[in-house]
Amino acid sequence: MIALLSACSGAADSHARPAAVVASGTAPRAAPGTLPGAATGAATMPTPEAAKAAGPATMAGTSACTATTRLIPSCGAWWGIAPEVFTGLPVDQALHGAESRMGAPADVLHVYHRGSELFPTGAEIRLARDPARPRLLMINWKPSFDHTWAEIADGALDARITRLAGHLRRTFPERFFLTIHHEPENDVDDSAGSGMRATDYAAMFRHVVLRLRAEGVRNAVMVMTYMGAPNWAAKRWFEDLYPGDDVVDWVAMDPYADDQVRDFDGLVNKRRKEYPDWPGFYRWMQARFPGKPVMVAEWGVFERHDDPAFKRAFFESVRRQIKRYPQIKALLYFDSPQAPRGDTSFDTGGGAGRAFTELATDPYFRSTRVPRP
């Protein structure tokens, strides 16, 4: 939900944003249940036997919990956060402040980059390699606001991608999550020749991933991030956004609790009466991507001045209901006092902070430790 000048993410079903950039082509889908193999293969949900064979990660609690090479935890889900966004704090101060406020460490740190910025930064690398508490990075990258998706797919940014690949090879061999131009739905321009059609997005995503791999980047776990809103899912071009199983390891959504959402069930399966055929995003992902892990890459709860206890009740609903959604393997909160549509800070009163701490420390999110570098 970050504004374009600093990073981007959408909270509402239809909030407007300036146009951006993407591409075409779809690869065959992998069969459900197959293991993630080489870096070019599709990631899928692990069976218990496969999880044990996937290589040991350092575990908290039971040794039966492991993480695959595609960072899929075999038990529970990763707990993550985009910390204190729009406060102007450096990322290390923001993360340590958020972790102190919630009384628990984060498994995943969600950060945002754009254009020619090199990532991860030195501060992000130090946080990932913290000897006391290593963290996974979820890096959100919008490659350009000056080129269309079609132009990027045709090679307009190849020098930029090559430079980034060299930085990654030199500085960060650890596995990390990477999403490219998240929430593309409301940047689509379906007019002929726009370079911003849904097929252009798919082609752009494919080109960036394949170019990074050709340049030796094999540690990026690729995430396709949707807005998670019914009005966009109803568009005739919606299915054309998907870049293909061979370049997507996880699928993600970015839902926010607007005034029509009461609990976690309503958040991840948001529906609207105007779109009676839409089943909800989690249900759609179950049907469309049965073998892939789902990430809730951003979620947030806005203040409701007519209901001061709403945040507390919502966080309690997440704790009660999360186990109904076993395909969700990562839950990353968007923590900001100045989000575009309201305050998503998790500890603004009414018992919200305590409920959020209870959620963050729930064993469901503490069963698998982040592998040490």
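The values are calculated or read from the model by the stated rules, or taken from the named source; none is laboratory data. Keep in mind that what you see is a predicted model, and the values were worked out from it rather than measured. With ideal geometry, Cβ positions are generated from the backbone for all residues, glycine too; neighbour counts draw on all protein chains shown.
Determine whether residue 228 is surrounded by 23 or more Cβ atoms within 10 Å (Cβ to Cβ), assigned to a loop (DSSP other than H, G, I, E, B) and without any contact (Cβ under 8 Å) to a residue 60 or more places away in the chain.
So residue 228 fits the description; yes.
Before we move on, is residue 283 in contact (Cβ under 8 Å) with a residue 40 or more places away in the chain, over 24 Å from residue 307 (Cβ atoms), of a type in the set (D, E, K, R) and part of a helix (DSSP H, G or I)?
no
For the stretch 222-271, name all the residues that are aromatic (Phe, Trp, Tyr), more than 23 Å from residue 140 (Cα to Cα) and in contact with an Asp or Glu (Cβ under 7 Å, 6 or more places away or on another chain).
237
For the stretch 93-115, state whether one or more residues are aromatic (Phe, Trp, Tyr), modelled with pLDDT of 95 or more and either under 21 Å from residue 218 (Cα atoms) or more than 21 Å from the chain's Cα centre (by Cα) (or both).
Yes, some residue in the stretch 93-115 is aromatic (Phe, Trp, Tyr), modelled with pLDDT of 95 or more and either under 21 Å from residue 218 (Cα atoms) or more than 21 Å from the chain's Cα centre (by Cα) (or both).
Going by the structure shown, is residue 236 among the basic types (Lys, Arg) and either surrounded by fewer than 21 Cβ atoms within 10 Å (Cβ to Cβ) or without any contact (Cβ under 8 Å) to a residue 24 or more places away in the chain (or both)?
In short, yes.
Against the condition surrounded by fewer than 18 Cβ atoms within 10 Å (Cβ to Cβ), part of a helix (DSSP H, G or I), small (Gly, Ala, Ser) and free of Cβ contacts under 8 Å to residues at least 12 places away in the same chain, how does residue 159 come out, does it pass?
yes
Under 6 Å between Cβ atoms, which residue pairs at least 6 apart in sequence (or on different chains) link something in the stretch 91-110 that is at positive phi with a partner that is in a helix (DSSP H, G or I) and hydroxyl-bearing (Ser, Thr, Tyr)?
Hits for this filter: 103/357.
Determine, yes or no, whether residue 259 is among the charged types (D, E, K, R) and surrounded by 18 or more Cβ atoms within 10 Å (Cβ to Cβ).
No.
Name the pairs: first residue in the stretch 328-339 and more than 17 Å from residue 79 (Cα to Cα) and of a type outside the set (Lys, Arg), second residue at pLDDT 95 or above and not in a loop (DSSP other than H, G, I, E, B), Cβ to Cβ under 6 Å, at least 6 apart or on different chains?
Partner pairs satisfying both residue conditions: none exist.
What is the number of the single condition among (1) without any contact (Cβ under 8 Å) to a residue 60 or more places away in the chain; (2) under 28 Å from residue 171 (Cβ atoms) that residue 192 does not meet?
(2)
Filter the stretch 324-339 down to residues that are surrounded by fewer than 16 Cβ atoms within 10 Å (Cβ to Cβ) and under 24 Å from residue 137 (Cα atoms) and give me whichever is modelled with the lowest pLDDT.
Result: 338.
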